[in-house]
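Notes to accompany the following structure.
The values are calculated or read from the model by the stated rules, or taken from the named source; none is laboratory data. The shown structure was predicted, so the numbers you read here are calculated from the model rather than taken from an experiment. No Cβ is skipped: glycine too gets one built from the backbone with ideal geometry, and neighbour counts run over all protein chains shown. For accessibility, only protein heavy atoms count, side chains too; no ligands or nucleic acids. Shrake-Rupley method; radii C 1.70, N 1.55, O 1.52, S 1.80 Å.
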Amino acid sequence: DVKVTQSSRYLVKRTGEKVFLECVQDMDHENMFWYRQDPGLGLRLIYFSYDVKMKEKGDIPEGYSVSREKKERFSLILESASTNQTSMYLCASSSEGTGNTIYFGEGSWLTVV
Amino acid sequence: AQSVTQPDIHITVSEGASLELRCNYSYGATPYLFWYVQSPGQGLQLLLKYFSGDTLVQGIKGFEAEFKRSQSSFNLRKPSVHWSDAAEYFCAVGLTGGGNKLTFGTGTQLKVEL
């Protein structure tokens, strides 16, 4: 079965802290994604990676960075967390090729206080 | 740039009634279209997708969607709703050659009355 695992489901961090959100997929997928989900705004793409060490900015990359050192792992980094980054973060992966099914993790709820 | 509109933020239906969730997209060429469902506190699960060919697409859990190019729509339907269908539904569009990135609508929250 397809599996995208986000290691932290619920986090509470302080303003200014550095935050790491980790995501692992076990499907040998080339593509990995980080989305942010907010009520009334749907899902917005933060960053996208199509290969190890490759990354591409999505629609809302400001305040975020990513790391992909291994094919199965894609990390989202908040260098200095702010309260407006309180949100649900969804990791996803897919095999190479347009239109292939994107599989989502269960999400990480981040609260910045 | 492509965009997706889901005009209904909330919909309430009675169990056993039919359901139609609306989705309109804006894109210059034929898009790839998807419907995902999200249960509370969970990630998204793919219901169905359209690439080409037959404009009526069957998905999981008894859902179907019809692609209408003239109306730029991809509405989701189910003939008889079950209480377990209560969830949030997202329409999404992908681009040809877009590296499989999707643009999502803002979602429709479905409530099912028993």
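Simple spin-label model, 7 Å along Cα-to-Cβ: B:Gln109 to A:Val12 in nm?
2.4 nm
Given the options B:Arg69, B:Arg77, B:Arg22, which has the most mean-square fluctuation in a GNM of chain B, springs set between C-alpha atoms less than 10 angstrom apart?
Most flexible of the set in this elastic network: B:Arg69.
Provide a list, ordered by number, of residues in region B:1-39 showing at least 10 Å² less accessible area with every protein chain present than when their chain is taken on its own, using a 1.4 Å probe.
B:Tyr32, B:Phe34, B:Tyr36, B:Gln38
Report in % the part of the accessible area of chain B that belongs to carbon and sulfur, leaving out ligands and nucleic acids; probe 1.4 Å. Show your work: numbers first, answer last.
On the way: 2600 of 5270 Å².
C and S atoms contribute 49 percent here.
What percentages, rounded to whole numbers, describe P(r) for the protein assembly as shown computed over all alpha carbon pairs with 5 Å bin width beginning at zero?
1, 7, 15, 19, 19, 16, 12, 7, 3, 1, 0
Hey, quick one: spin label on B:Gln42, modelled 7 Å out along Cα-Cβ, who in region B:52-80 has an amide N within reach, i.e. under 16 Å?
Label zone hits: B:60-63.
Pairs of Cα atoms under 8 Å, at least six residues apart: use those to get the relative contact order of region A:54-113, whole percent. Each step should come with its number before you reach the end.
Working: 71 pairs, mean separation 16.2, N = 60.
Once divided by the residue count of region A:54-113, the mean separation gives 27 percent.
Rounded to the nearest 100 Å², what's the accessible area chains B and A bury against each other, both chains counted, probe 1.4 Å?
Working: alone 6180 and 6330 Å², together 10710 Å².
Using a 1.4 Å probe on protein heavy atoms, the buried area is about 1800 Å².
Say the cut-off is 30 Å between C-alpha atoms; which of A:Lys55/B:Lys68; A:Lys71/B:Lys49; A:Lys18/B:Lys111 go over it?
On the way: A:Lys55/B:Lys68 35 Å; A:Lys71/B:Lys49 26 Å; A:Lys18/B:Lys111 38 Å.
Beyond 30 Å: A:Lys55/B:Lys68; A:Lys18/B:Lys111.
Report the relative contact order of chain A, percent, no decimals, based on alpha-carbon pairs under 8 angstrom and at least 6 residues apart. Walk me through the numbers before you get to the answer.
On the way: 297 pairs, mean separation 40.2, N = 113.
Once normalised by length, the contact order is 36 percent.
In straight Cα distance, which aspartates and glutamates are under 16 Å from A:Lys3, not counting same-chain residues fewer than 8 positions off?
Leaving aside aspartates and glutamates fewer than 8 places away in the same chain, those within reach of A:Lys3 are A:Glu22, A:Asp26, A:Asp28, A:Glu30, A:Glu72, A:Glu106.
What whole-number value in cubic angstrom gives the convex hull volume per residue for the C-alpha atoms of chain A?
Working: hull volume 10.9 nm³, N = 113.
Per-residue hull volume (Cα only) is 97 Å³.
Rounded to the nearest whole Å², what accessible area per residue is found for the protein assembly as shown with the 1.4 Å probe? Mind dumping the intermediate values first?
Values: 10710 Å² over 227 residues.
Computed with neighbouring chains in place, this is 47 Å² per residue.
A:Lys13's amide H: which non-local residues (gap 5+, or another chain) put their own amide H closer than 5 Å, with H modeled 1.01 Å from N in plane and none for Pro or chain starts?
Sorted by chain and number, the residues that satisfy this are A:Thr111, A:Val112, A:Val113.
When only C-alpha pairs under 8 Å and at least 6 residues apart count, what is the relative contact order of region B:11-111, in percent?
On the way: 210 pairs, mean separation 35.1, N = 101.
Answer for region B:11-111 is 35 percent.
Given a 1.4 Å probe, show me the residues in region A:64-108 buried by at least 40 Å² of accessible surface when comparing the whole protein assembly to the chain alone.
Flagged in region A:64-108: A:Thr98, A:Gly99, A:Thr101, A:Ile102, A:Phe104, A:Glu106.
Using the Karplus equation 6.51 cos²θ - 1.76 cosθ + 1.60 (θ = phi - 60°), what ³J(HN,Hα) coupling, rounded to whole Hz, does each residue of region A:17-33 give in order, writing x for Gly and Pro?
6, 8, 10, 10, 10, 9, 9, 10, 10, 10, 10, 6, 6, 7, 8, 9, 9
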